[in-house]
Amino acid sequence: MAALAALPASALDFTSPSGVTVLHVADGEHGAPVYSIDHAGRRLVEASPLGVNTLQAEFAKGLRIADADTARVHKEYSQSRIKHDTAVYDALRAVVKAVNEAGDTLGIEFSVADNDVAFRYLLPRLNGGETGAITVTGEASGFAFPAGTTAFLTQQSDAMVGWKRTKPSYEEEYMRDVPVGTPSYAGHGFTFPALFRVGDAGWVLLGETGVDSRYVGSHLSEASHEGVYSIAFPMAEENNGNGDTSAAMALPAATPWRTITLGSDLAPIVETTVTWDLVDPLYDIDVPAHNGRGTWSWIIWQDASSNMQDQKTYVDFARDMGYEHVLVDAGWDVNPGYDGTAELVRYAADRGVGIFLWFSSSGWWNDIVQSPVNVMSNSIARKKAMKWMKELGVKGIKVDFFGGDKQETMRLYEDILSDAAQYGLSVIFHGCTMPRGWERMYPNYVGSEATLASENMVFSQHFADNVEAPHAALHPFVRNSLGCMEYGGTILNKRVSRSNASGVTRRSGDAFQLATAVLYQNPVQNFALAPNNLTDAPAAAIEFMKEVPTTWNETRFVDGYPGSYAVISRRHGDKWYTAGVNATAEVKELLVPVPGAAKGDIVTVLIDTPEGSFASETRKVSRDGKVKVAMQPRGGFVIVK
Ligand code: CA
């Protein structure tokens, strides 16, 4: 890197490759550097604090900027399990060196791309190299926004509450378009990602990436009186109080990246790849990740379906749909039992269907009784089970009910992933933290829940009435933009139960449900279809669900407003899937550009109608390649071209 000796050390500007984004870094009033960001000539992030709190060195005050090194970074990579199959990353990298009163130098590394700024801390060996271990207790890192900014935030839950005391698990509702400074319900701040609308100047999406066993998962604090959100470390009560809230690191060390995606409009927010641009694979795998579609009985048929007959019915259903997998959820170790499950795996293999098996992660940090328990939490039991699964030909595991974001739990995620890689198993997490670059870091990682997912359509009429639709119109902009999301959705039952005649009443349309199969991105999609849908759901809906893919070559924002409506296009091979949902109470009439379509082409639109039914209609493409659609309240559409 070339030193920027010509610039005054007290105020440094770093400009993105095209010049559209400018990062300013300067010595701050409180003895630590501050940064601010302009994008397209507008201030999107106001002067915000930097610094890291450690037990061994003072890196949050008494710091003065000494100098900075910069370099251009260009990287291209392919990735099968995110929103694009290839990504190009161009940025200016800058390491700002800040010296404390003891003479130790903190490196603050910035990545300045056109639509993404990120930063992390580089911690040196201390005391002339004598000190090689550090305890990071928190960060001063903050995010301040111009006056009038509104926020889309989901709260950090209290710890040790909820089902079998399993929270926090990133399963809370969102506050939408609220003024900066609006408190969370629980008072513990907000989990990533967090979206901000800076009036008419643009949008900012905050996240973090590169979190592995060497750190904690962070979240955002409540806003300070000055409206500054700061990085917050895990709460002491998480994981039933076990494990520290700080991060222990061997020096020299680099902390995870804080990511700040910037856009004048929402396209960069939906299309960003910053989460993966900044990380690299941590190991190779011999067996490719098991991407694909699956069925799972638990979502509609619930615990009672943990038996051989029902599981075989779902295997047959997966075969009929042409799906790759069946997810066998909790209780399989009891019924049909280990031997019965071995028989089931062979039954499925004979029908060209693979099996994912559910495990609890716990363990000593919650009260879970759903089994198997005490397997994934112990390296000896875990590897024994994985060896059994490998010999049987099981494709992957779904591990549920983690204890929070402490480093102890981050180590467990990584240990499960790296052990599973040795046994050819892909890994889905549920009841868990959100992924932070994991699709790229861990090649056998295929999904995390970390959202209020489809199960809430079983549990809660309130969710069906008030949450399902606005969240569907939020996820492409927030949670699902910075990480894959294993939602387990697309429900075609009218009532969410085995009989399809009782239980929660679905308010959203069938086409809305199909649209979520495209809007929600996860390399494994376990759809909430039920065997009866082969005969009681619209034939065109089932045909669509038979052919919808789960991996994408390209993703484009089309239209929308977070929480109100969302339309995006994704390409798989030479086909474009354009999908939209409407969470508002009004009909949304849109002219939707259909990639690949030319004037006069006829396209099929699967759409919810004003009468509340589902239709497969044909439309002529207009001169500018657009198709007219009217999205009904809690309705949606899909177009495949
Ligand atoms: Ca859950």
- Among (1) surrounded by 24 or more Cβ atoms within 10 Å (Cβ to Cβ); (2) within 16 Å of the ligand (Cβ to nearest atom), where does Asp367 come up short? (1)
- Query: What are the residues in the stretch 440-456 that are within 12 Å of the ligand (Cβ to nearest atom), part of a helix (DSSP H, G or I) and either open to solvent by less than 10 Å² (accessible area, probe 1.4 Å) or under 15 Å from Asn480 (Cα atoms) (or both), if any?
  - Reply: none
- Query: In this structure, does Pro476 turn out to be away from the ligand (no atom under 16 Å from the Cβ), open to solvent by 10 Å² or more (accessible area, probe 1.4 Å) and either assigned to a loop (DSSP other than H, G, I, E, B) or in the same structural domain as Val211 (by TED's automatic domain parsing) (or both)?
  - Reply: no
- Complete set of residues in the stretch 172-216 that are polar (S, T, N, Q) and over 25 Å from Ser246 (Cα atoms): Thr182
- Name, by its number, the condition in (1) open to solvent by 10 Å² or more (accessible area, probe 1.4 Å); (2) in contact with a Cys (Cβ under 6 Å, 6 or more places away or on another chain) that does not hold for Tyr487. (2)
- Scan the stretch 428-439 and report the pairs whose first residue is assigned to a helix (DSSP H, G or I) and whose second residue is within 13 Å of the ligand (Cβ to nearest atom) and not acidic (Asp, Glu), with Cβ atoms within less than 8 Å and a gap of 6+ or a chain change. Trp438/Ser448
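To keep it simple, each residue is scored yes or no on (1) assigned to a strand (DSSP E or B); (2) of a type outside the set (A, V, I, L, M); (3) modelled with pLDDT under 95; (4) crowded, with 22+ Cβ neighbours inside 10 Å.
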position: His30; (1), (2), (3), (4): no, yes, yes, no
position: Val34; (1), (2), (3), (4): yes, no, no, no
position: Asp38; (1), (2), (3), (4): yes, yes, no, no
position: Val45; (1), (2), (3), (4): yes, no, no, yes
- Message: Between a residue in the stretch 149-173 that is within 18 Å of Trp365 (Cα to Cα) and within 12 Å of the ligand (Cβ to nearest atom) and any residue that is assigned to a loop (DSSP other than H, G, I, E, B) and among the β-branched types (Val, Ile, Thr), which pairs come within a Cβ distance under 6 Å, given they are 6 or more apart or on different chains?
- Response: Lys164/Ile368; Lys167/Val161
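Residue by residue, here is whether (1) assigned by TED's automatic domain parsing to the domain that holds Thr272; (2) open to solvent by less than 20 Å² (accessible area, probe 1.4 Å); (3) of a type outside the set (Phe, Trp, Tyr); (4) in contact with a Cys (Cβ under 7 Å, 6 or more places away or on another chain) holds:
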site: Val161; (1), (2), (3), (4): yes, no, yes, no
site: Lys167; (1), (2), (3), (4): yes, no, yes, no
site: Ser184; (1), (2), (3), (4): yes, yes, yes, no
site: Thr191; (1), (2), (3), (4): yes, yes, yes, no
site: Phe196; (1), (2), (3), (4): yes, yes, no, no
site: Gly202; (1), (2), (3), (4): yes, yes, yes, no
- Looking at (1) assigned to a strand (DSSP E or B); (2) open to solvent by 60 Å² or more (accessible area, probe 1.4 Å); (3) polar (S, T, N, Q), can you tell me which one Gln56 breaks? (1)
- Where residues in the stretch 122-148 are surrounded by 15 or more Cβ atoms within 10 Å (Cβ to Cβ) and in a loop (DSSP other than H, G, I, E, B), which of them is nearest to the ligand (Cβ to nearest atom)? Ser141
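The values are calculated or read from the model by the stated rules, or taken from the named source; none is laboratory data. All values derive from a computational prediction rather than experimental measurement. Positions of Cβ are backbone-derived with ideal geometry, glycine not excepted, and every protein chain shown enters the neighbour counts. Surface areas here come from the heavy atoms of the whole protein model, side chains and all, with no ligands, DNA or RNA. Shrake-Rupley method; radii C 1.70, N 1.55, O 1.52, S 1.80 Å.
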